[in-house]
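The values are calculated or read from the model by the stated rules, or taken from the named source; none is laboratory data. As the structure is a prediction and not an experimental result, all values here were calculated from the model. Note that we place each Cβ from the backbone using ideal geometry, even for glycine, and neighbour counts take in every protein chain shown.
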Amino acid sequence: MADAPLYTSTRERRRQTDLADFYALLKASEAVEKAYARGAVSAADYETACSQLMAQFRASEAALTGDGTIASTEAFFAQWRVDCPRARDRLLRVGAPATHLQKGDAVDAARVAECVQHFITAMDALRLDQRAVDEVQPLVADLAAALSRVAAPCPGGRASLERWLVALNGMRAAEEIDDAQARQLAFDLDAAYAEFHRGLKDAS
């Protein structure tokens, strides 16, 4: 039995190639963000790679949305179930390398990247319906600890996270937060994340 062709025309072949290149660009951005958060690349190398990827992303996105290949990058993420949360945050929400968020010694870019990673991990866990206290509490604790290592003015909702830690620490490990609690925690994390980004913009 012959394999089904991926395309039947030159135009369709070009479309498939463009989509594959766009996907590869997102994966590359995800890898660069992970490497920087782990301290595996220098700030200079990270900034060079990130800036290049962002320029390529903007050009590719404009071309793909312009000819109707994709409705938007968000739609592309949803349709193809692209698992690149750090690239998504950097390319769609922040719009600049982490190193650009520094102002003197006020904000340490590596620690900012660490906080972003913990925010995304915690929010993704709730979206995946993780409810057990021994699953959720360490994520909130790690995020709160990471935020405490970032200098003001980037509080990032520390007060609300501390209240959640108190509540979670008062529960048994085998217990689960209910749907209402999970929804409220997700809301508080999203609000804290937005506050964190506002603090970064004020510092830059």
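Of all residues in segment 38-58, those that are touching a residue at least 24 places away in the same chain (Cβ under 8 Å) and within 18 Å of VAL116 (Cα to Cα) have Cβ atoms under 7 Å from Cβ atoms of residues that are assigned to a helix (DSSP H, G or I) and among the β-branched types (Val, Ile, Thr), 6 or more apart or on another chain, in ALA43/THR99; TYR46/VAL32; TYR46/THR99; GLU47/THR99; CYS50/VAL32. With the condition kept exactly as written, say whether any residue in segment 95-118 is polar (S, T, N, Q), modelled with pLDDT under 85, assigned to a helix (DSSP H, G or I) and over 30 Å from GLN16 (Cβ atoms). Yes, segment 95-118 has at least one match.
Within segment 110-129, residues that are in contact (Cβ under 8 Å) with a residue 60 or more places away in the chain sit with their Cβ atoms under 7 Å from residues that are of a type in the set (A, V, I, L, M, F, W, C) and outside any helix (DSSP H, G or I), at 6+ positions apart or across chains, in these pairs: VAL112/VAL150; CYS115/VAL150. In segment 119-159, of all residues being among the small types (Gly, Ala, Ser) and more than 17 Å from ALA194 (Cα to Cα), the one that is modelled with the lowest pLDDT corresponds to ALA145.
Restricting attention to segment 49-78, the residues being among the polar types (S, T, N, Q), surrounded by fewer than 14 Cβ atoms within 10 Å (Cβ to Cβ) and farther than 21 Å from MET123 by Cβ number 1.
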